[in-house]
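Novice: This is the structure I want to talk about, given as structure tokens.
Just so you know, all these numbers are worked out from the coordinates, no wet-lab data involved. Every value quoted in this text rests on a predicted model; they were computed, and no experiment measured them. Using ideal geometry, Cβ is built from the backbone for each residue, glycine included, and neighbour counts are taken over all protein chains shown.
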Amino acid sequence: MNPIFERFVKKVIQETDCSREEREDLFEELVVHLECACEDFKRDGHTEVEAARLAMINFGDGKNVGKTLQHAMYPYRREMLMTLSIGSLLLTYSIYLSQLFVMGDTHIGWLLLGVLFSSSLLFLTLRPVVSLNRRAVMNTLLVIHMFVMGAGMLLSLDLDPPYTTVFSILDALIVLFTIVLIFRTTIYDVPATELNLKTGTKFVHYFNLLFGILLLLGTLFFLYAYLIFASDGYWGLWKLFVPLALWGIFYSLQLILLKHNRKKIAYIVTAVQLLLPLALFGFWILVVRGGLS
Amino acid sequence: MKKLVLIGIAILLTTGVCVGLGLTQQVPDDEKQNGLTGIFDVSVSGDIAYVRYESGKATVYVKSKDVRQVAQLPPDRAIADIVIMPDGNTLFYVNSSKDRGDTTERAVHKVDVATGADEVLFSKDAIITELAYDAAIEDQIFYLQADIFTNYSPVASAQPHEFDVHRYNLKQKTHQQITDLKKYGMASLQVSGKEDSVYIQMDADENAETAEEIFEMKQRIFQIPLAHPEQSKMIFMPNDPNDLYDFVLVPDQSLLIYQAVAGTNSKGIYEYELFSYDWETMETKRLTFHKEHTARPVFGADGYLYYVIDYNFAGRNTEYELFRLNPESGDTEQVSLDE
């Protein structure tokens with residue numbers, strides 16, 4: 001394999017959001033394409049070096065080709081992530097400065113978190129790191145980003161009008177956009193394996209992600225209600241998070257079962273997930289009421 | 001790569017500037033309060049004593065023909081209540097810490113309005129929330145004292161509890177505890193020399209035992225005879241209002257003027273109005289129609305009913321304005337506190 005082609009193709013692939021397997025396939029495909037082109041030029045009477053150079057020139061600018069490939073494989077993903085990260089950065093600065101100059105409060109911790117996660121998203125979009133499992137890192141960043149911007153919503157609601165209205169709406173849009181990108185990264189921007197192409201897998205992802213968000217909101221609600229009414233004793237508080245932990249276990253279990261083609265059992269586990277709100281309510285009764293009496 | 005470095009530097013610089021601004025421009029919590037509070041009193045001569053915050057400093061003003069500043073506290077102190085003597089020459093105020101959990105050293109000050117001479121009348125390691133005075137009971141100043149200050153849950157703000165009514169003899173410089181109720185909440189202390197009683201708003205919880213019953217209980221006005229404090233009685237109102245909050249008694253007219261919820265605005269925030277209850281005719285009448293947070297009724301010797309409106313009720317900062325109402329005509333007007 002020509003080491004010049006390898007270096008060239010690595011640059012192309014760096015511009016894409018491919019998974020490790022997709023990257024390996026793409027790498028091989030592009031190197032073979034360049035080598036074939038090189039052979040053609042050699043047959044036309046060009047020297048080895050000249051043929052390699054002409055093959056790369058004909059292939060086009062590596063960076064642009066990478067971007068085109070990225071767009072073809074994941075349409076508008078980069079643009080969406082850029083919009084989210086730049087929008088989040090601007091909103092973080094705006095909310096922070098409004099809190100400072102309108103309310104006199106400084107929230108440096110939140111500012112640093114907001115900037116850290118927004119800029120991490122931005123840099124990972126602009127400069128993909130080949131060695132990282134990009135999808136897992138991206139989704140982790142998006143989930144944390146959602147929480148950080150959720151905290152930003154509390155700061156927006158704390159402002160005086162009209163700042164509170166403007167920033168609350170913008171923050172809600174950012175949080176919604178982040179959720180959309182979590183769905184996209186999980187369901188659509190995945191390697192086209194046999195498992196991921198199945199409709200059933202997509203359904204399981206949709207169901208679990210939606211359910212996870214609802215369960216998280218329910219847990220936070222009960223936690224808030226608990227903190228309002230609880231006068232003492234916080235040792236039982238962990239019980240409220242049991243349904244969320246079960247959700248994570250059940251979600252993983254469903255994917256493992258689907259991977260092993262145990263569709264029916266996977267769907268049964270999906271149906272069992274429906275009982276988790278009841279479990280949450282049960283834990284609420286146990287934690288707060290100390291039982292049914 | 002160069003583009004990324006530039007973006008990184010821009011983000012670092014912007015964040016650095018924001019952090020720098022945060023460290024230099026932050027306003028300490030103690031210095032944030034500004035503007036009129038709902039704490040005021042009106043003397044027989046029509047002088048209005050009121051508290052205003054100026055960059056966090058609680059400042060007492062008296063408005064008669066002109067406006068005079070008579071006391072100002074450091075930013076870490078607050079004024080819980082104020083009482084002006086009927087002649088308008090002396091006023092008392094409660095000096096407490098802004099750190100509401102700090103129960104040490106609550107002092108009641110006495111101020112000579114003419115000279116501004118300020119002296120500590122007495123101080124206590126307890127929470128004094130209100131003062132009351134009636135010229136018919138000479139040399140006695142009554143106060144509400146709470147013994148603990150706690151929040152009943154981590155996300156609720158701390159509030160004073162275990163209230164009782166006390167009095168201080170200005171001549172003998174002695175304290176006397178009048179009630180022994182340790183009430184969860186008490187407010188709107190009123191004194192009537194004519195009735196030889198104090199009146200107080202508190203929870204009607206004598207029959208409440210379960211958590212549900214305590215949650216359902218309503219706040220009512222009680223009369224506590226000074227001679228027999230244990231024989232307190234709830235003031236009966238035939239048209240049972242929902243929770244009843246602040247109030248003022250006008251014994252000469254057999255009138256009770258109280259604050260209660262009258263509705264809810266489009267944001268779901270309660271609107272409070274003032275109502276009157278005539279305990280001879282048993283008639284209830286709505287007095288104000290502001291559709292705002294109308295509060296702290298004070299019956300002035302000039303025959304007007306004074307009260308405040310908080311235009312930013314349930315907001316982060318209060319926005320009080322002082323009003324007065326002519327009970328006969330029902331006309332209301334804003335009272336200017338400017339010179």
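Novice: Setting aside same-chain residues fewer than 8 positions from A:Lys259, which aspartates and glutamates have a Cα under 19 Å from its Cα?
Specialist: A:Glu21, A:Glu22, A:Asp189, A:Glu194
Novice: Another one. Taking amide H atoms as placed 1.01 Å from N in the peptide plane, list the residues 5 or more away in sequence, or in a different chain, whose amide H sits under 5 Å from that of B:Phe289.
Specialist: none
Novice: So what is the calculated 222 nm ellipticity per residue for the protein assembly as shown, using -39500 (n - 2.57) for each DSSP H run with n of 4 or more, over all residues, to the nearest 500 deg cm²/dmol?
Specialist: Calculated from helices alone, the mean residue ellipticity at 222 nm is -13000 deg cm²/dmol.
Novice: From other protein chains only, count the Cβ atoms within 10 Å of every residue's Cβ in B:23-32, then give the mean.
Specialist: Per-residue shielding by partner chains comes out at 3.
Novice: For region B:266-282, in order, what is each residue's ³J(HN,Hα) by Karplus, 6.51 cos²θ - 1.76 cosθ + 1.60 with θ = phi - 60°, in whole Hz (x at glycine and Pro)?
Specialist: 5, 8, x, 8, 4, 9, 9, 10, 9, 10, 10, 10, 9, 7, 8, 8, 6
Novice: Using just the alpha carbons, could you tell me how many Å³ per residue the convex hull of region B:56-100 encloses?
Specialist: Convex hull of Cα atoms, per residue: 62 Å³.
Novice: On to the next question. Where in chain A are the DSSP H helices whose C-alpha atoms run 20 Å or more along the long axis and whose mean Kyte hydropathy is at least 0.5?
Specialist: A:77-98, A:108-126, A:134-157, A:163-183, A:199-229, A:242-259
Novice: In terms of the ratio Rg/(2.2 N^0.38 Å) built on C-alpha atoms, what value belongs to region A:31-131?
Specialist: That works out to 1.80 for region A:31-131.
Novice: While we're looking at this one, here's another question. Taking other Cβ within 10 Å of each residue's Cβ, how do B:Leu23, A:Leu112 sort, fewest first?
Specialist: B:Leu23, A:Leu112
Novice: Dipole magnitude of the protein assembly as shown about its Cα centre, charges +1 at Lys/Arg Cβ and -1 at Asp/Glu Cβ only, in debye to the nearest 20?
Specialist: 3680
Novice: Let me ask you something else. How many partner chain Cβ atoms sit within 10 Å of a residue's Cβ in peptide A:94-103, on average, as a whole number?
Specialist: 3
Novice: I've got another one for you. Please report Rg (one decimal) and Dmax (integer) in Å for the Cα set of chain B.
Specialist: Considering chain B through its Cα atoms, Rg and Dmax are 22.5, 87 Å.
Novice: What's the local net charge at A:Leu157, with K and R +1, D and E -1, over the other residues with C-beta under 15 Å away?
Specialist: My count for the surroundings of A:Leu157 gives -2.
Novice: Follow-up. Among the listed pairs B:Lys194/B:Lys218; B:Lys194/B:Lys233; B:Lys63/B:Lys124; A:Lys11/B:Lys2; A:Lys10/A:Lys202, give every one whose C-alpha distance is greater than 25 Å.
Specialist: Beyond 25 Å: B:Lys194/B:Lys218; B:Lys63/B:Lys124; A:Lys10/A:Lys202.
Novice: With Cβ to Cβ distances under 14 Å as the rule, what net charge do the other residues near A:Ile95 carry (K, R +1; D, E -1)?
Specialist: Residues near A:Ile95 contribute -4 overall.
Novice: For the residues B:Thr288, B:Thr14, what sequence is obtained by ranking on other C-beta atoms within 10 Å, fewest first?
Specialist: Taking fewest neighbouring Cβ atoms as first place, the list is B:Thr14, B:Thr288.
Novice: Taking the DSSP beta bridges in chain B as the whole, what percent of them are antiparallel, to the nearest 5?
Specialist: Given both bridge residues lie in chain B, the antiparallel proportion sits at roughly 100 percent.
Novice: Work out Dmax and Rg for region B:236-339 from the C-alpha atoms and quote the Rg first, both in angstrom.
Specialist: Calculated on Cα positions, Rg and Dmax stand at 13.8, 44 Å.
Novice: To continue, here is another question. What translational diffusion coefficient, in µm²/s and rounded to a whole number, does the Stokes-Einstein relation yield for the protein assembly as shown at 37 °C and a viscosity of 0.692 mPa s, taking the hydrodynamic radius as the Kirkwood radius over Cα pairs?
Specialist: 108
Novice: Quick one: length gained pulling B:Glu31 to B:Thr174 fully straight, 0.36 nm per residue minus the C-alpha distance?
Specialist: Taking 0.36 nm per residue and subtracting the Cα distance, the gain is 47.9 nm.
Novice: State the extension gain, in nm to one decimal, for the chain segment bounded by B:Glu138 and B:Phe289, taking 0.36 nm per residue of separation less the distance between their alpha-carbons.
Specialist: 50.6 nm
Novice: Moving to a separate point now. Enter the angle in degrees (range 0 to 90, nearest 10) between the Cα long axis of helix B:2-25 and the first principal axis of the Cα atoms of chain B, meaning the one along which they spread out most.
Specialist: Tilt of helix B:2-25: around 30 degrees.
Novice: Now for a separate question. Does region B:60-205 come out rounded, prolate or oblate, given a ≥ b ≥ c as the square roots of the eigenvalues of its C-alpha gyration tensor, rounded meaning a/c under 1.5 and, failing that, prolate meaning a/b above b/c?
Specialist: Oblate.
Novice: Please report A:Ile144, B:Ile39 as a ranked list, fewest other C-beta atoms within 10 angstrom at the top and most at the bottom.
Specialist: If I rank by nearby Cβ atoms, fewest first, I get A:Ile144, B:Ile39.
Novice: Moving on to the next point. Principal axis extents for region A:75-189, Cα atoms only, whole Å, descending order, please.
Specialist: Per principal axis, max minus min of the Cα coordinates gives 44, 22, 19 Å.
Novice: If you consider only alpha-carbon coordinates, what radius of gyration and Dmax does chain A have, in Å?
Specialist: 24.8, 93
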